[in-house]
Amino acid sequence: MEEISILIGGKAGDGTRQAGHVIASLLNRVGYRIFFYDDYPSLIRGGHNFSIVRASGKRIGAHKNTVDIIIALDQNTVENHKDRLNADGIILYDSKKAEAQGLGIDFMDIVKEFGGKPIMRNTAAIGALAGILNLEWSVLERDIKGSIGKEVDLNLQIARHAYDGIEAPLKPLPKLDQKPLPLVTGNEAIALGAAKAGLNMYIAYPMTPASAILHYLAEHENELGVVTVHPESEIGAALMALGSAYAGARTMVGTSGGGFALMTEALSLAGQSEIPMVIAECQRAGPSTGVPTYTMQADLNFVINAGHGEFLRVVLAPGDAEEAFYTAGLAMNLAWKLQIPTFVLSDKHVSESIFSFDPELDKVKPENGLLWNGRGEYKRYLDTESGISPLAFPGNPEAIVKVTSYEHDENGITTEEPGQIARMQQKRLRKRKALADELNKFDTVNIYGNPESKTALLCWGSTKGACIEVAEMLDLKVVQPLVLEPLPVEPLKKALDGVEKIIDVEVNATGQLAKLVAGQGFCIDDMILRFDGRPFTVDDLLGNVKEVLS
Amino acid sequence: MTTPKELGTYAQNTWCPGCGNFGILASVKKALADLENDGLDLNKVAIVSGIGCHAKIADYINVNSFYSIHGRVPPPMTGIKLANPDLTVIGHAGDGDAYGEGIEHLIFSAKRNIDMTFIVHNNRIYGLTTGQFTPTSPPGFKGRSTPKGSPEDPLNPVELMISSGATFVARGYTKNMKHLQSLINAAINHKGFSFIDVLQPCFTFFNTYDYYNERVYEFTDQDHDASDRSQAFVKAQEWAYGEGERIPIGIFYQVNKPTYGERLLAGRVPIRLTPGDIRPVLEKHI
C-alpha cells in the first residue's frame, strides 16, 4: 500500500498548520486519502506547534507515531521529533534556524531573494517538499493559487525556486488513480450536517475545540442559509436556543465540557418544556480548564447524566468527519421528531483533525417533527399515545403556544396536582418507544475488521480510526457504538455475539464506555486507556493491543 | 376585539391579596387590548417570564408564553425575537431574576438594543422564597438571610440601563395604573430595547405602599427631556433605591438607534430560511 507521513513543526505564529493544510491538499490532488493531525498548545506566539499529514491509498482515520519526512522550521521540531523518523526518513530543515542530519535549506534566504515575508518560509519548504516527492509543478502551482489568498505571485516565485533547487527527488511519490476528495474537519462536518438537516440558527460562545463550528458557519452563513449568533455566555446561548426553537427555528449550540456545564440548567428546561435542543459537545482534556487544546473522551458520563430530573436524550458519538456529518443531521432530526435534547459528542481529535470526506450527502435532509393540523383547540402538551404532542409556533393565527419550566397540564399551565404530575412525566418518557423506532432506522453500532474474530476492540468516537487499522493488522473485530444514549443494547449483543474477549479502548482514565456496557451485563476483559491529552496513534495502539493479547 | 377579561386564563390566581402584581397584570392586559385595537396581532405576541411571584403572569395571560427559569428571561426573548422578528416579545422578570441571577443577560439586551420590552416587577424582596433581600432592597434591609441588615447598597437599575445602551428606560408604580399602562404601551411601541422598572409592593413581606404613596410623583416630557442622556442620568439619580424624599416615575430616556435584529439579521428571517446547497461549499475543500 502506498502511504507517506509528513510532520511539519515550528513555533506558534510560524504558520505550520496552514502549511500542513497545503501539504494535505497536494497529496489529496495526487490521489491520496488524508488524515491530518494538528498538535498545538494553548498560546498564540512561541511554543511548539506541529501537524502530521498522513496520506494513504486507502481510507484512514488516524495518524502514526512514525513519519517519513520531518519539515523543521526550528530546532525544537528536530529535537522533539527526530526519533519519530523512519529508517529511510528525511529531515528537511531550515538551515538558519536548526541543525540536523538531513537536507538543510536556507528558506529565509530564498524568501529574501524575492522580497517576501518570514511567514513565506513555509512556501519555500512546501516547494522543496514537492521537489523531494517528485510532484508535478502544476499541482503545486494550483494549490498555492487556491490556498494562499495574498501575494500569490510572490509565493509562486518562492515555491518554484525551492522546487527547482531540489536536484534529485529523494522520496518520489507515485500518483494514484483516485479522485481528490474534499478535506474536511470534524467540526466542519458537524456544521455541514446540521445545515443540510435544516439548521436555521447556530448560537455559540467560543470555546476550544468547538469554536471552529461557529467560525465556519459564520463564514458560510449565506451559502448555507444559517444565522450565527455569538452571545454573552454559554448560559445565554443555550437559553436563546430554546427561545429560538420555541419560535420554530431549527437551532444548534456548540461548546466543550466547561461551556456545557453552564448549559445544564437549559438542558433540564428542554427536558421539561419539550423544546427541541441540539448540542455539539466537543470534548477536551479536563477536569475544569484542563488542557484546552488537547483531546479526551472524559465527558461521556457527564453528557449522559447532565441535568436535574428525568428526561430522554440522545447522545451520538462520531468517529470521523463522515460520521460527524451524519450524526449532526440525525441529532437535528431526532430533536425535532421527539422534542428532546440531542447531542453530537465529539472530541478534539475528531473536531479538529482533517479527513478525506466522501459521505452520501443526500442521506442527510431536514425531517419535520409532528406538526399541528390546525383542528380544534391547540394544546402544546396534548397527551398522545406516542407521547409526542403536535408542534405549533407563536404567530400561528389559530394557536396559543405556552411552554414552561414548571410541570404543567396539556395547555402548558402550571400544575401541582399529583395525577397531572405523574401523567405528564409518563407522557414524556413514553416517547422512548418512538425514539427506539427512529434509532432502528440506522446502524447504531458499527462493526469493522474481521467480523468472525473472537476478540473485539470496543471503542467510541475518535479512537475508531486507530482501532480499525490495528484490527486489520491483527485480524480482530472492532465494535463501535455510534449511539451511546440510549445505549443500543440489542445491537451491541448482536455485534458481540461469539466474541470471547472484549478489549475496551478509550481516551480517558476510567473507561466510561466500559462501565456503561458492563452495566448491561457485558464482560469487559481488558481496558486500554490513554489520558495524556494525546490520541491513540496506530503504532501506539498496535503495541498496546499486542501486549494485552500476549 | 379581545377585552382584557378575555385575555385571562383558567389558571387560579395565587398572588396574595393586595399584591402589586395585580396592577401589572391588569395594566399589561389593558395595554395589549388597546394595542390590538391599534392593529397589533395578539397571536404574534409572546411573553417570557422568569421564576418568582411575578412569573405566574405567564399562566394568567392567554397569549403565547415561555415560562422560563430564574434569571433567564432575556435569552429566550432574544432567541424568539431573532428567530421570528415579526413577533412582539414582552419579558416579565422579578428584581431577583433581572438584577441578581441574570444581570448579564439584561445588560447585554440593553447593549444590543434588541427590539423587545422588558418589565421588571420590582418588589425589592424575594417573595416566593419568603423574604430575603434583593439587589434593590434598601441598605440595611432586614430579611431572613440578613437578620442583621443587608450589608450591600442597592443597585440603581434605571441608571444601569441608561449606561448599558437601552433606548427606552422608564419607571412605573403599580398603584398608578393608568400611568403604568401608558408606559407599557409606549414601551411596546418603541423600536429597540424598552425597559420598565415597576415599583411593586409585596403586601406580605415588604409592604412599601405607604412609603411609595408619599414619595412617588409622575414626570412628563414637559419637565424632562428624555432624549438628553445627561438629563436622564440626573433624573435617575434623584432616587437611588435607598432613602429619598421624592421618587420620579415616567420615561427617563428614549432615543432611536438601529436594533440588534436589524444589524444582525439584515432582513433575514431565520424561521423561513431554507438550507443552502452544500456541494459548492464542499468544492472549496478540494
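Of all the residues that make up the stretch A:474-493, how many are more than 22 Å from A:T327 (Cα to Cα) and in contact (Cβ under 8 Å) with a residue 40 or more places away in the chain?
2
Yes or no: the stretch A:127-149 includes at least one residue that is free of Cβ contacts under 8 Å to residues at least 40 places away in the same chain, in a helix (DSSP H, G or I), touching a strand residue (DSSP E or B) at 6+ places or on another chain (Cβ under 7 Å) and under 26 Å from A:G31 (Cβ atoms).
There is at least one residue in the stretch A:127-149 that is free of Cβ contacts under 8 Å to residues at least 40 places away in the same chain, in a helix (DSSP H, G or I), touching a strand residue (DSSP E or B) at 6+ places or on another chain (Cβ under 7 Å) and under 26 Å from A:G31 (Cβ atoms).
Given A:A335, A:A324, which one is of a type in the set (G, A, S) and over 19 Å from the mean Cα position of the chain (by Cα)?
A:A335
Pick from the stretch B:122-161 the residues that are buried (at least 20 other Cβ atoms within 10 Å of the Cβ) and of a type in the set (V, I, T): which of them is nearest to B:T208 (Cα to Cα)?
B:I125
What's the total number of residues in the stretch B:1-13 that are hydroxyl-bearing (S, T, Y) and modelled with pLDDT of 95 or more?
Filtering the stretch B:1-13 down to residues hydroxyl-bearing (S, T, Y) leaves B:2-3, B:9-10.
Remaining after also requiring modelled with pLDDT of 95 or more: B:9-10.
The qualifying residues number 2.
Looking for whichever is over 29 Å from A:E367 (Cβ atoms), of a type in the set (A, V, I, L, M, F, W, C) and either outside the structural domain of A:F50 (by TED's automatic domain parsing) or modelled with pLDDT of 95 or more (or both) here; the options are A:M296, A:M240. Which one fits?
A:M296
Among what's in the stretch B:166-198 and is touching an Asp or Glu at 6+ places or on another chain (Cβ under 7 Å) and part of a loop (DSSP other than H, G, I, E, B), pick the residue that is farthest from B:N113 (Cα to Cα).
B:N176
Which one of B:N37, B:N64 is more than 9 Å from every other protein chain (Cβ to nearest Cβ) and polar (S, T, N, Q)? So that I can check it myself, show each step before the final result.
Numbers: B:N64 fails: more than 9 Å from every other protein chain (Cβ to nearest Cβ).
Result of the check over B:N37, B:N64: B:N37.
Give the residues of the stretch A:117-157 that are among the small types (G, A, S) and at pLDDT below 95, sorted by residue number.
Passing the criteria: A:G146, A:S147, A:G149.
What about B:K111, is it closer than 22 Å to B:K257 by Cβ, of a type outside the set (G, A, S) and touching a Gly at 6+ places or on another chain (Cβ under 6 Å)?
So B:K111 fits the description; yes.
Restricted to the stretch A:82-123, and to residues that are among the β-branched types (V, I, T) and buried (at least 18 other Cβ atoms within 10 Å of the Cβ), which residue is nearest to the chain's Cα centre (by Cα)?
Checking each candidate, the answer is A:T123.
Which strands (runs of 3 or more DSSP E) does the stretch A:342-453 wholly contain that include 1 or more residues that are at pLDDT 95 or above, buried (at least 20 other Cβ atoms within 10 Å of the Cβ) and among the small types (G, A, S)?
Correct list: A:354-356, A:445-449.
Please find, within the stretch A:381-396, the residue that is farthest from the chain's Cα centre (by Cα) out of those that are within 27 Å of B:D86 (Cα to Cα) and in contact (Cβ under 8 Å) with a residue 40 or more places away in the chain.
Out of the qualifying residues, it is A:G395.
I'd like to check something: does the stretch A:5-23 contain any residue that is within 26 Å of the chain's Cα centre (by Cα), surrounded by fewer than 22 Cβ atoms within 10 Å (Cβ to Cβ) and within 14 Å of chain B (Cβ to nearest Cβ)?
yes
Whether any residue in the stretch B:80-87 is more than 21 Å from A:A245 (Cα to Cα), hydrophobic (A, V, I, L, M, F, W, C) and surrounded by 23 or more Cβ atoms within 10 Å (Cβ to Cβ) is what I want to check.
no
Looking only at strands (runs of 3 or more DSSP E) that fall completely inside the stretch A:172-261, which ones have 1 or more residues that are facing chain B (nearest Cβ under 7 Å) and free of Cβ contacts under 8 Å to residues at least 40 places away in the same chain? Steps first, answer last, please.
Values: elements: A:183-185, A:201-203, A:227-229, A:251-255.
By residue number, A:227-229.
The values are calculated or read from the model by the stated rules, or taken from the named source; none is laboratory data. As the structure is a computational prediction, the values presented were derived from the model and not from experiment. Every residue, glycine as well, gets a Cβ built from its backbone with ideal geometry; the counts of neighbours run over all protein chains shown.
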